[in-house]
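A.B. asks: Please see the structure below; I have some questions.
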């Protein structure tokens, strides 16, 4: 028998016990019986009031439990729908919260869940449409690229250039944009602590196009921002996924073209401001040359992002020409240096004085060093001897395909 059943049984037996007690005492002591009757009646009323309050409490408790169980289920559905990049479904789910929470419960918990979800859905809708619009614009742009080389020559170099243009046009048109992840490790133990996201184009025959084959052309025709936007969204999906290790962070390399797109960035920043846990695990990589050339307009935006908790890394840093003072412009968490350039520097500096000065200056500005493009055992040994904290490169792991493409039907 449950405790609640014991309580009900006690309520039923209490009046019978009281009546029997009144009869016995009334027979023995009539005056005492009247006083006792008043006392027992008061206690019975008090007990009845207590039982009534207890029953209401239990009903309210079950009411809240059902509401929060539904809330948990809807939250899980929301995350799953988010990973499908379908804002219509997200908005529909968010609107269902209006049927889950009645007015009284909203006032009790003092939170408007559906309003937050609808706001997220609207931002997701905008960002997603923005990306797809960019893809369509990119398709029109690459359609304008001539199939024939403008020089009109029939040299082997001209034919190869023509083939690359055609491959890039078809890859963007068919939405063959893939996302790859490459690990970053903590040295010297080689423990994986983060991943960098890369976008890659795939030819019709399944051949993976190397960045050198298309980056320059993409920059000339303003297609880089399409790749950046794609990476940002895929990175968000990974971070939102419930199976993602919360200790892992992700690096996303963004071009200055994306940072300068204020409409996109304003909406993106607003979305990450709602989901601060994502911003804390996402590092934006900025190419050193891009930062130097556009820092007057770029730094104010980056500082605004920094105030919201976003973090940054400086990429493609030239070892010999690196101006460490540039680190004072922004609170960079990481600086990426090519291991080949570091090895070349220490060969001309046996005492490693230049390296120690560079390392000390970087650390004094609050940044850590990542040795990138580590591909051999010898390069790893040199990185460890130089006391570099992190490493990245094919030696630790090649970029692996781990993505789901945009739904092609959404691009129609």
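A.B. asks: Filter the range 358-371 down to residues that are surrounded by fewer than 21 Cβ atoms within 10 Å (Cβ to Cβ) and farther than 18 Å from residue 323 by Cβ, then give me how many there are.
C.D. replies: Total satisfying the criteria: 1.
A.B. asks: Right, here's the next one. Here are the criteria: (1) outside any strand (DSSP E or B); (2) without any contact (Cβ under 8 Å) to a residue 40 or more places away in the chain. Tell me which single one residue 342 does not satisfy.
C.D. replies: The number of the failed condition is (2).
A.B. asks: Just to check your reading of the model, which residue among 321, 347 is free of Cβ contacts under 8 Å to residues at least 12 places away in the same chain and closer than 30 Å to residue 200 by Cα?
C.D. replies: Values: 347 fails: closer than 30 Å to residue 200 by Cα.
Being free of Cβ contacts under 8 Å to residues at least 12 places away in the same chain and closer than 30 Å to residue 200 by Cα holds for just one of 321, 347, which is 321.
A.B. asks: Can you tell me which of (1) at pLDDT below 75; (2) within 12 Å of the chain's Cα centre (by Cα) is the one residue 226 doesn't meet?
C.D. replies: For residue 226, the exception is condition (2).
A.B. asks: If you don't mind, there's one more thing I want to ask. Residue check: is residue 185 modelled with pLDDT of 75 or more and crowded, with 20+ Cβ neighbours inside 10 Å?
C.D. replies: Considered against the rule, which asks whether it is modelled with pLDDT of 75 or more and crowded, with 20+ Cβ neighbours inside 10 Å, residue 185 comes out as yes.
A.B. asks: May I pose another question? If residue 167 satisfies all but one of (1) at pLDDT 75 or above; (2) under 29 Å from the mean Cα position of the chain (by Cα), what's the number of the condition it fails?
C.D. replies: (2)
A.B. asks: Checking the condition more than 30 Å from residue 176 (Cα to Cα), assigned by TED's automatic domain parsing to the domain that holds residue 196 and part of a strand (DSSP E or B), which residue from 319, 335, 299, 252 passes? Lay out the reasoning, then the answer.
C.D. replies: Details: 319 fails: part of a strand (DSSP E or B); 299 fails: part of a strand (DSSP E or B); 252 fails: more than 30 Å from residue 176 (Cα to Cα).
Only one candidate passes the filter, namely 335.
The values are calculated or read from the model by the stated rules, or taken from the named source; none is laboratory data. The structure presented is a predicted model; accordingly, all values stated were derived computationally and were not measured. FYI the Cβ positions are ideal-geometry reconstructions off the backbone, even for glycines, and counts take in every protein chain you see.
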